[in-house]
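Read the structure below first, then the notes.
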Amino acid sequence: MAIKSYVMVCGGTGCESSKADEIYRNLHKEAELQGVSEDVQIVKTGCFGFCEQGPIVKVLPSDHFYVQVVPEDAKEIIAEDILKGRAVSRLLYKEGNLTEVKRTDGEDIKFYQKQLRIVLRNCGLINPENVNEYIARDGYQALEKALFDMSGDDIIEELKKSGLRGRGGAGFPTWMKWNFSKQVETDVKYVACNADEGDPGAYMDRSVLEGDPHSVIEAMTIAGKCVGANLGIIYIRAEYPLAINRLETAMEQARDLGLLGKDILGSGYDFDIELRLGAGAFVCGEETALLQSVEGNRGMPTPKPPFPAVEGLWAKPTVINNVETYANIPVIINKGGDWFAQFGTEKSKGTKVFALTGKVQNSGLVEVPMGSTLRDIVFDIGGGIRNGKKFKAVQTGGPSGGVITEEYLDLPLDFDSLLSIGSMMGSGGMIVMDEDDCIVDVARFYMDFCVEESCGKCSPCRIGTRKLLDYLEKITKGQGTMEDLEHMERIGTHMHKAALCMLGGSAANPILSTLKAFREEYIEHIQEGKCRAGKCKALVHYEIVADKCIGCTVCARKCPVNCITGEKKKPHIIDQDACIKCGQCYEGCKFNAIVIK
């Protein structure tokens, strides 16, 4: 009997943590109980991208888009949508004045309208554990073309036309890196995939591997054919178990179909892939540190040159790109470099995937053409700032990046424009801040991360990050001086010039960019002993305004250390010596009777 309905359940890590697997199992169970198991196919996909609304279930051909689904909803979805062909209205995504929004192709949902999904083309559309679904969407056609119709030079020429630059952060031209390796004459070469995604708030690469693992396998095989390599290494952190499992399944399926291993598709070309699990060191996202880890050494950067493309893994030429870069390759080979180059800006072609998180209405994975503005991403796709708060800044590039303020909301985002304002693209993390965020505390958070993740090999990073963190902690405790700001700027500038790798070289970026854009907040902390956002506890002083306090006792009941006293229906008092400044009283007061001084 032909399948009449196709039910897709988001199977990304975020939705899995919200009982997506139970939803999937309940849908199967209800399909059996209600006698429609032969009429419906229920599958797990990768991430739909709209993570704020997960878990997500989508039904085809009706195109009903259900959000915030719980396991108990499975019965109604089968009974109404599959049996009767009616949407479960209460589960449909609703937006603005629209009573129902059901489509995810950009016609109805603003979150998708300005997106262009090239890297994420299959995420949320196919079962990542079924190679046939990948093949049905042009999968492995690019590999066939590369094996039988193109030389290595032809492949590089298409990449050159495309203008594709590495999406791992540095933005180095992909064709040039591949060409360096191709030109080296040696018996052994390697292709490596950097899946060691460690930026706080970033999960772009993980989601691609969870939702479309074959795209990376296909791309690495094409790279191997281009440069003359026979072995690929995917370096992925062990904290990504779902991505690892789906990669292993995909590689096994590819081998079974002759798409990986010996004599691929009868071409005479051999190529296979191995996984290497990292222990979660942020520094191993740097390519030479990654290679050291693969070789069994401690993950620490090595001086360049030589660059890995010429002398990398076990001193052999090694092409290294990250997951997102590879995911573009099959599309470029299939559709041509000129097709890809029509998107983006003059020097930054194609699209970029961002992990949009923080104080934004619609967090999730966003893929937009290079040159899109921050306003497009935060206010159109992201829906603006939560709870009607005022936009403050966006941190791009993670610990290596910097803040972008309101004056740059309409700046076209690409590699060069971000560098020109003291930030960077990085791998694509994008954390939105509002008026309630303390910019000094944000800088302290990132510097604390860099101190923990520094490998300690070079003194500019080992000592510099520690000194910078010490200054920031002094300032957040109300003990800073104006000279500290000058010291931080001087140390940060020298680190950029002297550090061995970009972890140390860019570690001061959050400080330098926030000092430039929000210097007055640093000065407030130092000269006035004030944290306007109330985040730096040593500078926070909660007081009860007697004229506004009605003596409801809510604050006293919420206080974990019982430092608030007073009779019912009479103003209360906070014992400042006992107060731990947790903010529970401030958040719980409905009468604005508690203020931050």
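Miscellaneous remarks
- Test: residue in segment 62-74 that is modelled with pLDDT under 95, over 24 Å from the mean Cα position of the chain (by Cα) and not in a strand (DSSP E or B): yes
- Single residue of segment 514-552 satisfying the filter (part of a helix (DSSP H, G or I) and among the hydrophobic types (A, V, I, L, M, F, W, C)) that is nearest to Phe591 (Cα to Cα): Leu539
- Options Asp376, Asp441: the member that is among the acidic types (Asp, Glu), in a helix (DSSP H, G or I) and closer than 30 Å to Lys94 by Cβ: Asp376
- Residue match in segment 343-356 (condition: out of contact with any Asp or Glu (no Cβ under 8 Å at 6 or more places or on another chain) and of a type in the set (S, T, N, Q)): no
- When restricted to residues that are touching a strand residue (DSSP E or B) at 6+ places or on another chain (Cβ under 8 Å) and crowded, with 19+ Cβ neighbours inside 10 Å, segment 71-95 contains 8.
- Conditions (1) out of contact with any Cys (no Cβ under 7 Å at 6 or more places or on another chain); (2) farther than 23 Å from Gly168 by Cα: number failed by Leu116: (2)
- The lone exception for Val440 - which of (1) buried (at least 23 other Cβ atoms within 10 Å of the Cβ); (2) β-branched (Val, Ile, Thr); (3) touching a strand residue (DSSP E or B) at 6+ places or on another chain (Cβ under 8 Å) it fails: (3)
- Meets criteria (more than 21 Å from Gly429 (Cα to Cα) and either in the same structural domain as Glu197 (by TED's automatic domain parsing) or more than 19 Å from the chain's Cα centre (by Cα) (or both)) for Gly344: no
- Qualifying residue in segment 158-172 (condition: farther than 27 Å from Gln41 by Cβ and of a type in the set (Ser, Thr, Tyr)): yes
- Filtering segment 522-557 to residues that are modelled with pLDDT of 95 or more and under 30 Å from Gly169 (Cβ atoms) leaves only Tyr522.
- Conditions (1) closer than 28 Å to Ala195 by Cα; (2) acidic (Asp, Glu); (3) not in a helix (DSSP H, G or I); number of the one not met by Asp448: (3)
- Qualifying position, being over 19 Å from the mean Cα position of the chain (by Cα), modelled with pLDDT of 95 or more and under 19 Å from Gly428 (Cα atoms), among Thr249, Thr174: Thr174
- Residue in segment 493-511 that is outside any helix (DSSP H, G or I) and surrounded by fewer than 21 Cβ atoms within 10 Å (Cβ to Cβ) present: no
- Whichever residue in segment 519-534 is farther than 24 Å from Thr565 by Cα and in contact with a Cys (Cβ under 8 Å, 6 or more places away or on another chain) and, among such residues, is surrounded by the most Cβ atoms within 10 Å (Cβ to Cβ): His525
- Within segment 43-59, the set of residues being in a loop (DSSP other than H, G, I, E, B) and either free of Cβ contacts under 8 Å to residues at least 24 places away in the same chain or not aliphatic (A, V, I, L, M) (or both) comprises Gly46, Cys47, Phe48, Gly49, Phe50, Gly54, Pro55.
- Candidate set from segment 141-171 (those that are part of a helix (DSSP H, G or I) and among the polar types (S, T, N, Q)); member that is nearest to Ser427 (Cα to Cα): Ser162
- Residue count for segment 249-293, restricted to those that are aromatic (Phe, Trp, Tyr) and closer than 25 Å to Gly168 by Cα: 2
Let's see how each residue does on (1) basic (Lys, Arg); (2) touching a residue at least 60 places away in the same chain (Cβ under 8 Å); (3) closer than 22 Å to Gly124 by Cα:
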| site | (1), (2), (3) |
| --- | --- |
| Thr174 | no, yes, no |
| Lys182 | yes, no, no |
| Glu197 | no, yes, yes |
| Ala223 | no, yes, no |
| Asn230 | no, no, no |
| Gly261 | no, no, no |
| Leu265 | no, yes, no |
| Glu274 | no, no, no |
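- Selection within segment 298-335 - of a type in the set (Lys, Arg) and modelled with pLDDT under 95: Arg298, Lys304
- Residue that is surrounded by the fewest Cβ atoms within 10 Å (Cβ to Cβ), among those in segment 553-574 that are without any contact (Cβ under 8 Å) to a residue 24 or more places away in the chain and in a strand (DSSP E or B): Thr565
- Taking the criterion of being touching a Gly at 6+ places or on another chain (Cβ under 7 Å), outside any helix (DSSP H, G or I) and either over 28 Å from Ala315 (Cα atoms) or not assigned by TED's automatic domain parsing to the domain that holds Tyr140 (or both), the residues of segment 184-239 that qualify are Asp199, Pro200, Gly201, Ala202, Asp212, Glu239.
- Yes/no for Asp436 being in contact (Cβ under 8 Å) with a residue 24 or more places away in the chain and assigned to a loop (DSSP other than H, G, I, E, B): yes
The values are calculated or read from the model by the stated rules, or taken from the named source; none is laboratory data. As the structure is a computational prediction, the values presented were derived from the model and not from experiment. Counting neighbours? That spans all protein chains shown, and the Cβs are built from the backbone with ideal geometry, glycine included.
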